[in-house]
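Asker: Would you mind keeping the following structure in view while I ask a few things?
The values are calculated or read from the model by the stated rules, or taken from the named source; none is laboratory data. Remember, predicted model here, so these are calculated numbers, not experimental data. So basically every Cβ, Gly included, is an ideal-geometry build from the backbone, and we count neighbours across all protein chains shown.
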Amino acid sequence: MEFSTKSIAPGSTKSGCVIVGVFETGKLSAPAAALDRAAKGALAKAIKSGDMTGRAGTTLLLHGVAHIACERVLLIGLGAEKSFNEKAFRSALTTALRAVNATGAATAEIHLTALAAGTSDIGWRVGQSATLAIESAYRFEQMKSKSENLPAALKQITLTYAQASERKDAERGLAQGIALGHGMSFAKDLGNLPGNVCTPAYLAKAAQALGKRHKLKVKVLERAEMQKLGMGSLLSVARGSAEPPKLIVIEYNGGPKNQKPVALVGKGVTFDTGGTSLKPAGEMDEMKYDMSGAGSVLGTLKAIAEMRLPINVVGIIPATENMPGSRATKPGDIVKTMSGLTVEILNTDSEGRLILCDALTYAERYEPSAVIDIATLTGACVIALGHVVSGLFANDDALAKEVLAAGEASQDRAWHLPLHDEYQEQLKSNFADFANIGGRPAGAVTAACYLSRFTKKFKWVHLDVAGTAWKSGKEKGSTGRPVPLLTQFLIARASNR
Ligand code: BES
Ligand code: MN
Ligand code: ZN
């Protein structure tokens, strides 16, 4: 897919489809009105006939409209003008992309970006549109013997802006939106790959390939090195598996040399059977997505590297399977973490926190300005928040605010959940410093409490993406979240320093 952003009169240049918006009760948006004038009232006539009400989600495709250079005119219902905000803009774009993808048009000019939407600027609208277009074209077919879908006809999209003065912002937004789309696709691919392909070694190779392409420093620590570092907790999870664990470290240094990096720590359990505390069989296949945190770290690094964002970031990915092999950790086993603290493993299915704690301790050596860990950590978070927002926990309110704002700006939202001391008591153990589970109440909170014990030396946010990283059911597949949130967080940081 190719993109460009321009300021052009709708329908004046040759293309397969010109796309303009109509508000509720049939009011033409400014580009639609301009197109209607060029078409000598053909659009107004179609609206008058009752074929397009302007209601959100509706479309009308017109062919061979006289006096217009484009083969097709696609009208998109935008809903009420006064409630045409960022969310409505995204729905309109999604509708438009679906409709134009159902035609044979190879090129399209989309004039929805030229409309005011909420408090958005042109960069946001163009960027969001490019990302949505890449998302609409995403297919995961590499494991099928032959493609089920015809190749998409749409090859070239022009996103328009209203004022010539908006050119620079539109172009920056476009470049960022494309890079974000690529980062999301990368994260989706890694998530969608099955556990027998996407192993810890595969993740390490993917990181190395990414590093090569974008000149990132990649280091992969093997079991022996982790042993030397005292990562007894991470290694306890890998014990039951024949696949060797990897600790993947990637540095992107786009910022000044002396700038402390942001550390992104992603849970990379390439398959979670639960270990000795085996999960039930139903839907266990979805535990191939248990490396989605890792995937989002790699996807975000790809996006910011493509953008050449002026910032320093280090990605840290503990990668392992969680299997019930004969050497697997047993409930009641006690291990020593890299921090020196000991943990009684009462449930081997709480493996995410066991690998993250050592990765978080490892992050200390980078003296990070902020640490964000991303993990499909708890089923309890899915019960609490469903599939709409990610759970957010923090030991620093300013950082929490910054991450929440990035979620809002990217429409990849998170919700702040509590981390009060009282919850810590649920992790008490009679035999070790603490246990790795805190019982049924507030399961997402006690998981975060566990992690908080390893984050005393830096500002930290934990994102529980168990409900947002993938979809179940008929549309089963990775969502690429929270790559938009993370990327937006880094964009905002890079421009504020
Ligand atoms: N990977 C799972 C969390 C998960 C479960 C994500 C369902 C998405 C859907 C995690 O490793 C896990 O198994 N957590 C347990 C913790 C429990 C044993 C305290 C859970 O949530 O059931
Ligand atoms: Mn588990
Ligand atoms: Zn897990």
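Asker: Could you figure out which of (1) surrounded by fewer than 17 Cβ atoms within 10 Å (Cβ to Cβ); (2) of a type in the set (Lys, Arg); (3) touching a residue at least 12 places away in the same chain (Cβ under 8 Å) isn't true of residue 82?
Answerer: (3)
Asker: Being more than 29 Å from residue 329 (Cα to Cα) and in contact with a Leu (Cβ under 6 Å, 6 or more places away or on another chain) is the filter here, so list the residues in the stretch 433-481 that pass it.
Answerer: Residue satisfying the conditions is 459 alone.
Asker: Filter the stretch 269-283 for residues that are of a type outside the set (D, E, K, R) and in contact with a Ser or Thr (Cβ under 7 Å, 6 or more places away or on another chain); which is surrounded by the fewest Cβ atoms within 10 Å (Cβ to Cβ)? So that I can check it myself, show each step before the final result.
Answerer: As a first pass, look at the stretch 269-283 and keep what is of a type outside the set (D, E, K, R): 269-271, 273-278, 280-282.
Going one step further and asking which of them are in contact with a Ser or Thr (Cβ under 7 Å, 6 or more places away or on another chain), we end up with 269-270, 274-277.
Working: 269: 29, 270: 30, 274: 18, 275: 28, 276: 20, 277: 20.
Checked the stretch 269-283; the qualifying residue surrounded by the fewest Cβ atoms within 10 Å (Cβ to Cβ) is 274.
Asker: Assigned to a loop (DSSP other than H, G, I, E, B) and within 16 Å of ligand 2 (Cβ to nearest atom): which single residue out of 270, 276 fits that description? Full working, then the answer.
Answerer: On the way: 270 fails: assigned to a loop (DSSP other than H, G, I, E, B).
Just one listed residue meets the conditions, 276.
Asker: Of everything in the stretch 338-361 that's crowded, with 22+ Cβ neighbours inside 10 Å and over 20 Å from residue 321 (Cβ atoms), which residue is nearest to ligand 3 (Cβ to nearest atom)?
Answerer: Of the stretch 338-361, the ones crowded, with 22+ Cβ neighbours inside 10 Å are 343, 345, 348, 350-361.
Adding the requirement that they be over 20 Å from residue 321 (Cβ atoms) leaves 360-361.
On the way: 360: 16, 361: 19 Å.
Filtering the stretch 338-361 for residues that are crowded, with 22+ Cβ neighbours inside 10 Å and over 20 Å from residue 321 (Cβ atoms), the one nearest to ligand 3 (Cβ to nearest atom) comes out as 360.
Asker: Output the number of the condition that residue 56 fails; it satisfies all remaining conditions of (1) farther than 11 Å from residue 19 by Cβ; (2) in a helix (DSSP H, G or I).
Answerer: Residue 56 satisfies every listed condition except (2).
Asker: Starting from residues that are hydroxyl-bearing (Ser, Thr, Tyr) and within 18 Å of residue 420 (Cβ to Cβ), keep the ones in the stretch 433-478 and report whichever is surrounded by the fewest Cβ atoms within 10 Å (Cβ to Cβ).
Answerer: If we filter the stretch 433-478 for residues that are hydroxyl-bearing (Ser, Thr, Tyr), which is where we start, we get 446, 450, 452, 455, 468, 472, 478.
From what's left, within 18 Å of residue 420 (Cβ to Cβ): 446, 450, 452, 455.
Numbers: 446: 25, 450: 26, 452: 19, 455: 25.
For the stretch 433-478, the residue satisfying everything is 452.
Asker: Which members of the stretch 222-267 meet the condition of being within 16 Å of ligand 3 (Cβ to nearest atom) and out of contact with any Lys or Arg (no Cβ under 8 Å at 6 or more places or on another chain)?
Answerer: Here is the first cut: in the stretch 222-267, the residues within 16 Å of ligand 3 (Cβ to nearest atom) are 233-234, 236-241, 243, 245, 265-267.
Within the stretch 222-267, 234, 236, 237, 241, 243, 265, 266, 267 meet the criteria.
Asker: For the stretch 269-304, enumerate the residues that are within 16 Å of the chain's Cα centre (by Cα) and over 15 Å from residue 206 (Cα atoms).
Answerer: Applying the first criterion (within 16 Å of the chain's Cα centre (by Cα)) to the stretch 269-304 yields 289-304.
Within the stretch 269-304, 289, 290, 304 meet the criteria.
Asker: Name the single residue that is farthest from residue 483 (Cα to Cα) among those in the stretch 162-183 being surrounded by fewer than 16 Cβ atoms within 10 Å (Cβ to Cβ) and free of Cβ contacts under 8 Å to residues at least 60 places away in the same chain.
Answerer: Filtering the stretch 162-183 for residues that are surrounded by fewer than 16 Cβ atoms within 10 Å (Cβ to Cβ) and free of Cβ contacts under 8 Å to residues at least 60 places away in the same chain, the one farthest from residue 483 (Cα to Cα) comes out as 165.
Asker: Something else about it: Which residues, taken from the stretch 85-103, are part of a loop (DSSP other than H, G, I, E, B), among the hydrophobic types (A, V, I, L, M, F, W, C) and in contact (Cβ under 8 Å) with a residue 40 or more places away in the chain? Break it down stepwise before answering.
Answerer: Taking the stretch 85-103 as the starting set, the residues that turn out to be part of a loop (DSSP other than H, G, I, E, B) are 85, 102-103.
Next cut, among the hydrophobic types (A, V, I, L, M, F, W, C) only: 102.
Correct list: empty.
Asker: Further, regarding this structure: Considering each of 372, 383 in turn, give the residue that is within 25 Å of the chain's Cα centre (by Cα), crowded, with 19+ Cβ neighbours inside 10 Å and in the same structural domain as residue 414 (by TED's automatic domain parsing). Spell out the reasoning first.
Answerer: On the way: 383 fails: crowded, with 19+ Cβ neighbours inside 10 Å.
After applying the criteria, what remains is 372.
Asker: Does residue 226 satisfy the condition of being more than 15 Å from residue 301 (Cβ to Cβ), part of a helix (DSSP H, G or I) and touching a helix residue (DSSP H, G or I) at 6+ places or on another chain (Cβ under 8 Å)? Explain how you work it out, then say what you get.
Answerer: Numbers: more than 15 Å from residue 301 (Cβ to Cβ): yes; part of a helix (DSSP H, G or I): yes; touching a helix residue (DSSP H, G or I) at 6+ places or on another chain (Cβ under 8 Å): yes.
In short, yes.
Asker: May I pose another question? Name the one entry in 329, 300, 361, 320 that is at pLDDT 95 or above, among the polar types (S, T, N, Q) and assigned to a strand (DSSP E or B).
Answerer: Values: 329 fails: assigned to a strand (DSSP E or B); 300 fails: assigned to a strand (DSSP E or B); 361 fails: assigned to a strand (DSSP E or B).
Criteria check complete, one pass: 320.
Asker: Just to be sure, is residue 247 surrounded by 16 or more Cβ atoms within 10 Å (Cβ to Cβ), assigned by TED's automatic domain parsing to the domain that holds residue 432 and without any contact (Cβ under 8 Å) to a residue 60 or more places away in the chain? So that I can check it myself, show each step before the final result.
Answerer: Details: surrounded by 16 or more Cβ atoms within 10 Å (Cβ to Cβ): yes; assigned by TED's automatic domain parsing to the domain that holds residue 432: yes; without any contact (Cβ under 8 Å) to a residue 60 or more places away in the chain: no.
No, not satisfied.
Asker: Scanning the stretch 275-305 for residues that are hydrophobic (A, V, I, L, M, F, W, C) and more than 11 Å from ligand 1 (Cβ to nearest atom), which turns out farthest from residue 179 (Cα to Cα)? Let's see the steps before the verdict.
Answerer: Taking the stretch 275-305 first, the residues hydrophobic (A, V, I, L, M, F, W, C) are 278, 281, 284, 287, 291, 294, 297-298, 301, 303-305.
Add one more test, that the residue is more than 11 Å from ligand 1 (Cβ to nearest atom), and what stays is 281, 294, 297-298, 301, 303-305.
Details: 281: 38, 294: 18, 297: 14, 298: 13, 301: 10, 303: 5, 304: 7, 305: 8 Å.
The extreme case among them is 281.
Asker: Take residue 175 and decide whether it is part of a loop (DSSP other than H, G, I, E, B) and closer than 30 Å to residue 495 by Cα.
Answerer: Details: part of a loop (DSSP other than H, G, I, E, B): no; closer than 30 Å to residue 495 by Cα: yes.
Here the answer is no, as residue 175 does not meet what is asked.
Asker: Which one is surrounded by the fewest Cβ atoms within 10 Å (Cβ to Cβ), of the residues in the stretch 317-337 that are under 21 Å from residue 248 (Cβ atoms) and hydrophobic (A, V, I, L, M, F, W, C)? Working first, answer last.
Answerer: First, pick out the residues of the stretch 317-337 that are under 21 Å from residue 248 (Cβ atoms): 317-323, 337.
Subset that is hydrophobic (A, V, I, L, M, F, W, C): 317, 319, 323.
Numbers: 317: 28, 319: 30, 323: 23.
Looking at residues that are under 21 Å from residue 248 (Cβ atoms) and hydrophobic (A, V, I, L, M, F, W, C), I get 323.
Asker: Next question, about the same structure. Being charged (D, E, K, R) and within 16 Å of the chain's Cα centre (by Cα) is the filter here; which residues of the stretch 477-497 pass it? Spell out the reasoning first.
Answerer: First, the residues of the stretch 477-497 that are charged (D, E, K, R): 481, 493, 497.
Listed by number, the list holds a single entry, 481.
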